[in-house]
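Have a look at the structure below before the remarks.
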Amino acid sequence: MMITRQGGSVGRIGRVTGLLLLVVLMAAPLYLLVANAFKTERDILESPFGLPADGFTVDNVAAAATSTDFNVLAAYGTTALLVIVVNVLSILATGPAAYAIARGAGRGHRFVLLVMLAGLFIPSQTIVIPVIYVLKTVGLMGTVPGLVLFQTALTIPTTLFLFSAYVQSIPRELDEAARIDGASRLGTFWRVIFPLMRPAVATAVVLNAVGVWSDFVNPRIILGPGSGLYTVTTGVFAAVSKYSTDYALVYSNMLLAVVPVIVFYVLLQKRIIGGLTSGAVKG
Amino acid sequence: MPPAVPAVVRRRRRATGAFLTDTVMIGPALVLVALFVLIPIGIAVYLSFTDWDGFTIPPSLVGMRNYELLVQDPEVVRAAAYTTVIAVVGTLVCNALGLGIALMLNRNTWVNTVMRVLVFAPYVVGPIILGFLWASILGTNGAVNSVLTASGAERMPFLADPVWAMVTTPLVIIWASFGVNVILYLAGLQTLDASLLEAAKIDGAGPWVSFWRVKLPVLAPTVTLNVVLAAIGLLRVYEIVLALTAGGPAGTTQTAVFNILTTSFSRSQLGYGAAQSVVLMLVIIVVTVVLTQLRRRSEEAVAA
């Protein structure tokens, strides 16, 4: 008895110590990110881990928010536009396709699934060079539509597998009923099936929004510095690389860039974690 | 009144109609994926045999020159070796941490919910910000060195010394990545049948035995998923390195994708970059297939 109880308490102490260590390791960098954005440059250098008690200042954040070059706030607009347009296009293109594939059983359907499976495993960084070739050929290099089309294409394989798995769980009797009422296949999908797919759509939107939001390579290469257009990631990269020795500016720019994500994350953490998990599992 | 249509014709018409609606429904998605994912794979192979500079269309063919070049290019070889080390070590550590921490957080308490949110936070913040953040923490005048010098100690060259940087970089990458593995292992543990553990307990299994004999076998598919995802993700690691070290000092922390993008866009050698991309793509496909096959064998062994 004594031994087991001792073993149990040793295990408990070990577990608590481990968890505490983990909290410190995960939270400390995020704490620094927030705290140092509200300190003076001298405070950051002298007491980086301290609270901004003496020198609390919003000057740096204000300066970063109103800065005229690589303004991260202005980049929100570009990123938000990309997130919305890519999500809408992705659902418009993938929804009907997933429905047709889930309900069909022909050789053509299996071929399309195979194509999508290939798309699932190709990392976007390895095809960005030939994609530039494609965009140059069709005259969309350096444009927002070019970037949007590429980012949308990248979302399609995962979204399609998520959607078609979900459609398969919806009884076929609903299709039959709609067809007897005279609805076309496309009409059946949008009016009967799609409204039932809300959980799968939410998952896809979360997955694709995080993907587009954090995409750095594609906007940087396809839009390029010449376009003058910055997303949050390319904007904060440009700003921080330029002022990398000025910690006050670095921390405040980083803070501006993460505030929206952190707010969304804290509010929707269940949905975001759940969505990304099922996306990874299905994908 | 419409003329009577023979049943065979009617059926054929319906089949053509179904084919047409299917084409309309699948078409846009298929065209986009074909145009921006599948055809580019072919174009990458084509470009890898050319000297494309990013402007001249069509580029001129140079045969196997890019491939001959890359096997003896010290920068490419070093980046490939470094990326391999990151992928192997990172996959092992991320999975050990992922599974270990998931086992600790498996019960549903508010502490565990907070921990889950915290552990997964790096994924949401994104690699560019994380790289810059750790550079501000570990840089020469960064937070840690400020504390060290204030307490009279020497500065540590976490990112300034080549050897240090080559160790620090994978640690930061692991810090940024393992949260996903924790979450995926937690999802896998949810599928664990409580009665199995109960039965093992009644049979006298301690925590150690029940982990190896009950939990791990049930988790086999989750392990496969985590190993494959971690390996693929680490083989293409780039953004966090760019923000953390910019590949330095002296190019020691350049990864494969880092090299591909520098070759292509800073030096305008997109043909050479395409050849490196093709090799990386092949490596990723081979790693995925081999890992899945190896794991399938052990999953089956467990099932038997």
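For B:Glu68 and B:Asp193 in the same chain, what is the full-extension length gain: residue separation times 0.36 nm, less their Cα-Cα distance, in nm?
Values: separation 125, 0.36 × 125 = 45.00 nm, distance 5.44 nm.
Gain on extension, B:Glu68 to B:Asp193, equals 39.6 nm.
Multiply the residue gap between A:Arg191 and A:Arg15 by 0.36 nm, knock off their C-alpha separation, and tell me the result in nm, one decimal place. Please list the in-between numbers first.
Values: separation 176, 0.36 × 176 = 63.36 nm, distance 5.18 nm.
Length difference between fully extended and current span is 58.2 nm.
Just the number, please: Stokes-Einstein D of chain B in µm²/s, Kirkwood Rh from C-alpha pairs, 10 °C, 1.306 mPa s.
Values: Rh = 23.4 Å.
So the translational diffusion coefficient is about 68 µm²/s.
Mind giving me the FRET efficiency for A:Ala65 and B:Leu282? R0 is 45 Å, r the Cβ-Cβ distance, nearest 0.05 is fine.
Details: r = 46 Å, r/R0 = 1.02.
Once rounded, the FRET efficiency stands at 0.45.
Mind listing the long-range amide H neighbours of B:Thr50? Cut-off is under 5 Å, sequence gap 5 or more, other chains count too, H placed in the peptide plane at 1.01 Å from N.
Hits under the 5 Å cutoff: B:Val62.
Taking 0.36 nm per residue of separation and subtracting the Cα-Cα distance, what length does fully extending B:Leu171 through B:Ala205 add?
Values: separation 34, 0.36 × 34 = 12.24 nm, distance 3.57 nm.
That pair, B:Leu171 and B:Ala205, stretches by 8.7 nm at full extension.
³J(HN,Hα) across the range B:60-71 via Karplus (A = 6.51, B = -1.76, C = 1.60, θ = phi - 60°), whole Hz, x for Gly/Pro?
8, 6, 10, x, 7, 3, 4, 6, 5, 5, 6, 6
Please calculate how many Å² of accessible area the protein assembly as shown carries per residue, with a 1.4 Å probe and no DNA, RNA or ligand atoms counted. Write out the running numbers ahead of the final one.
Details: 27760 Å² over 587 residues.
Computed with neighbouring chains in place, this is 47 Å² per residue.
Probe radius 1.4 Å, ligands and nucleic acids left out: can you give me the accessible area buried at the B-A interface, summed over both chains, in Å² to the nearest hundred?
7100 Å²
Determine ³J(HN,Hα), in whole Hz, for all residues of the range B:46-54 in sequence, where each value follows from phi through the Karplus function 6.51 cos²θ - 1.76 cosθ + 1.60 and θ = phi - 60°; x replaces Gly and Pro.
4, 4, 5, 9, 10, 10, 4, 9, x
At 7 Å along Cα-to-Cβ for each site, give me the label-to-label distance between B:Asn112 and B:Val89 in nm.
3.2 nm
Check each of the chymotrypsin sites (Phe, Trp or Tyr not before Pro) in the range B:44-91 and keep only those in coil by DSSP with at most 12 other C-beta atoms within 10 angstrom; list them in order. Intermediate values should be presented prior to the final figure.
Numbers: sites: B:Tyr46, B:Phe49, B:Trp52, B:Phe55, B:Tyr67, B:Tyr82; in loops: B:Phe49, B:Trp52, B:Phe55.
Filter output for the range B:44-91: B:Phe55.
Share of the range A:70-282's accessible area from carbon and sulfur, percent, 1.4 Å? Please list the in-between numbers first.
Details: 5790 of 8570 Å².
With neighbouring chains kept in place, the figure for the range A:70-282 is 68 percent.
Modelled label-to-label distance, B:Ala81 and B:Val31, 7 Å Cα→beta-carbon offset: nm?
Once both label points are built, they end up 4.9 nm from each other.
With θ set to phi - 60°, apply the Karplus curve 6.51 cos²θ - 1.76 cosθ + 1.60 along the range A:24-40 and write out the HN-Hα couplings as whole Hz, x wherever there is a Gly or Pro.
In residue order, the calculated couplings are 4, 5, 7, 8, 4, x, 5, 4, 4, 4, 7, 4, 6, 5, 10, 10, 6 Hz.
Could you please state, rounded to a whole Å, how far the C-alpha centre of the range B:250-304 is from the C-alpha centre of the range A:207-283?
One Cα centre to the other: 24 Å.
Go ahead and run the numbers for FRET between B:Ala96 and A:Thr143, Cβ-Cβ distance against an R0 of 51 Å, rounding to 0.05. Write down the numbers at each step before the final one.
On the way: r = 45 Å, r/R0 = 0.89.
Here the calculated transfer efficiency is 0.65.
For the range B:127-232, run through the trypsin sites (Lys or Arg not before Pro) and keep only the ones in DSSP coil with at most 16 other Cβ atoms within 10 Å of their Cβ.
Numbers: sites: B:Arg155, B:Lys201, B:Arg213, B:Lys215; in loops: B:Arg155.
Passing both the DSSP loop test and the Cβ count: B:Arg155.
The values are calculated or read from the model by the stated rules, or taken from the named source; none is laboratory data. Just so we're clear, the structure is a prediction, and the values are computed from it rather than from any experiment. Cβ coordinates were reconstructed from backbone atoms using ideal geometry, including for glycine residues, and neighbour counts include every protein chain displayed. Calculation scope for accessible area: heavy atoms of the full protein, side chains included, ligands and nucleic acids excluded. Shrake-Rupley method; radii C 1.70, N 1.55, O 1.52, S 1.80 Å.
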